[in-house]
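Have a look at the structure below before the remarks.
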Amino acid sequence: MKPKLCVLLATLIQTECVSATVAWPQFRGPNCSGVAASDKPPVAFGSVTNLLWKTAVPPGWSSPCVWEDRIFLTAFENGKLATIGLRRRDGKRLWQQTAPTEKIEEINPVSSPASATPATDGRRVYVYFGSYGLLAYDVDGREQWRKPLPLAALLNGSGASPALTPGRLIINRDQEHGKSSLLAVDPRNGRTLWEIPRPEFASSYATPILWKRGATEEVVLAGSVRLVGYALKDGQERWSVRGLEAVSVCPTPVIGDGHLYAMSRSFGGNNMPPFPQMLADMDPNGDRRIARAEGKGLLGNKFIFDATDTDHDNIVTEQEWNAALAFIAKGDHGIFAVRAPSRGDLTDTHVVWKQKRGVATVPSPLFFKGRVYAVQDGGRATCFEAKTGKILFEQERLGADGEYYASPICANGNIYLASTRGVVSVIEAGDTLKVLARNDLSERLMATPAIADHKLYVRTANHLWAFGK
């Protein structure tokens, strides 16, 4: 065989092997996009319809992470954090490893300390717990390395998932008390490659994504007030865009058609009471200060009280409360598109459009074929034209109520939207809302489903389901 033909054949074989890999390797699949371009999972499914298998799993809200014949999850049960490996063909549990935690982080009552989705490159599976740090196992559950990190302190507990990028494993460590950072480690051994302090960022839950443009590779992270791009190589900040909320930024941005789409909606700056109103309910001794024991409502929350009590004397003064209001007022809710950036503050030059209606609190936006989709609590779906921001349909009902924590995903031109009540609505991608199916699994659902090998994997409160034909 001629040498050139041998090289060509080897290249074709290698390309075919890579393209044939069955993988949904991290939160929302490749680069957190939520799109499985070549898969065709079922539209209708349930306890008897298109069910391949159903396996009992311990509690946790991490999403399924898939590589070939393995599925990886994290869980929290009986005070222990664990990583689980299952066989994809039948759901059989193959291994379980317990994280060596000493203390479990404080979380929102509806959340779980096992909320971060694992990531995998097929050689190792990487997990992050705010209660411990980072751990890596091989696909058969043998520990490869561990990297303890300081206990995370966030308003609702940690939620960001580790993100795999070329030569880097990236984790968002935003938290309270000015201790936030963006961390990059070597996936081979857990060695820190760089860590960038982010002291002005607080309580964000977005997963980092990679924005690659030619030779330019940047890690993009949404957080308090700003969307920021960092050089993948060394973590140096390259650009930022203002326009996000100041507290509890949850949605992970997405990329499409050369633009990046970021979204946030949390406290806002207009619904926080002035200090005199706070005193009416929380100042029984009339000293015009609110002690920790007097805190109610917002100030009854430990993390909100701690974040407001900047001198840590267990007293919130009017000056501290007004400073908190001023910080929150810097934020802005909505969804916006950013064109390929350069350097510096690009707020006034690179924001293509912004909309404030139809914006979700927790679920991330979905880009698919020139449109951006969002789903809000109450089963209200909105679609934007990606190029202009024009609203194609707004807050139209799916027919499935309840809250929405899971992010939309897409395959075969259909979008899957999962509510906490366990109803997964499937809509057809397009300029108008067309509901194809409403699939009721009758079990609480918080985790974003996964798609691989023409199958849909859904984690509910007590089970992992596999649907296909």
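Overview of values
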quantity: Looking only at the range 68-109, and only at residues there that are buried (at least 17 other Cβ atoms within 10 Å of the Cβ) and part of a loop (DSSP other than H, G, I, E, B), the one that is nearest to the chain's Cα centre (by Cα); calculated: Ile107
quantity: Condition met for Ser419 (in contact (Cβ under 8 Å) with a residue 12 or more places away in the chain and crowded, with 16+ Cβ neighbours inside 10 Å); calculated: yes
quantity: Residue list for the range 140-168, filter: in contact with a helix residue (DSSP H, G or I) (Cβ under 9 Å, 6 or more places away or on another chain), under 20 Å from Phe76 (Cβ atoms) and either buried (at least 24 other Cβ atoms within 10 Å of the Cβ) or among the basic types (Lys, Arg) (or both); calculated: Leu154, Ser161
quantity: Unmet criterion (only one of (1) assigned to a loop (DSSP other than H, G, I, E, B); (2) touching a residue at least 60 places away in the same chain (Cβ under 8 Å)) for Gly358; calculated: (2)
quantity: Residue among Thr310, Thr361 that is surrounded by 15 or more Cβ atoms within 10 Å (Cβ to Cβ), of a type in the set (Ser, Thr, Tyr) and under 30 Å from Ser419 (Cβ atoms); calculated: Thr361
quantity: Number of the condition not met by Glu195 [criteria: (1) buried (at least 24 other Cβ atoms within 10 Å of the Cβ); (2) of a type in the set (Asp, Glu); (3) not in a loop (DSSP other than H, G, I, E, B)]; calculated: (1)
quantity: Among residues of the range 280-299, those that are closer than 15 Å to Ala324 by Cβ and of a type outside the set (D, E, K, R), counted; calculated: 6
quantity: Test: residue in the range 124-139 that is surrounded by 17 or more Cβ atoms within 10 Å (Cβ to Cβ), basic (Lys, Arg) and touching a Lys or Arg at 6+ places or on another chain (Cβ under 9 Å); calculated: yes
quantity: Selected residue (criterion: modelled with the lowest pLDDT) from residues of the range 315-343 that are part of a loop (DSSP other than H, G, I, E, B) and surrounded by 17 or more Cβ atoms within 10 Å (Cβ to Cβ); calculated: Pro341
quantity: Flag if Val241 is crowded, with 20+ Cβ neighbours inside 10 Å and within 17 Å of Arg28 (Cβ to Cβ); calculated: no
quantity: Given (1) more than 17 Å from Trp24 (Cβ to Cβ); (2) assigned to a loop (DSSP other than H, G, I, E, B); (3) of a type outside the set (Phe, Trp, Tyr); (4) at pLDDT 95 or above, number of the condition Ser112 does not satisfy; calculated: (4)
quantity: Any hit, the range 55-67, residues being at pLDDT 95 or above, within 22 Å of Ile104 (Cα to Cα), among the β-branched types (Val, Ile, Thr) and not in a loop (DSSP other than H, G, I, E, B); calculated: no
quantity: The lone exception for Ser240 - which of (1) of a type in the set (Gly, Ala, Ser); (2) assigned to a strand (DSSP E or B); (3) within 18 Å of the chain's Cα centre (by Cα) it fails; calculated: (3)
quantity: Residue within the range 380-395 that is surrounded by fewer than 21 Cβ atoms within 10 Å (Cβ to Cβ), more than 21 Å from the chain's Cα centre (by Cα), assigned by TED's automatic domain parsing to the domain that holds Ser115 and under 25 Å from Asp440 (Cβ atoms) present; calculated: yes
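The values are calculated or read from the model by the stated rules, or taken from the named source; none is laboratory data. Quick caveat: nothing in here was measured; it's all calculated off a predicted structure. When we count neighbours, we look across all protein chains shown, and the Cβ atoms used for this are built from the backbone with ideal geometry, even at glycine.
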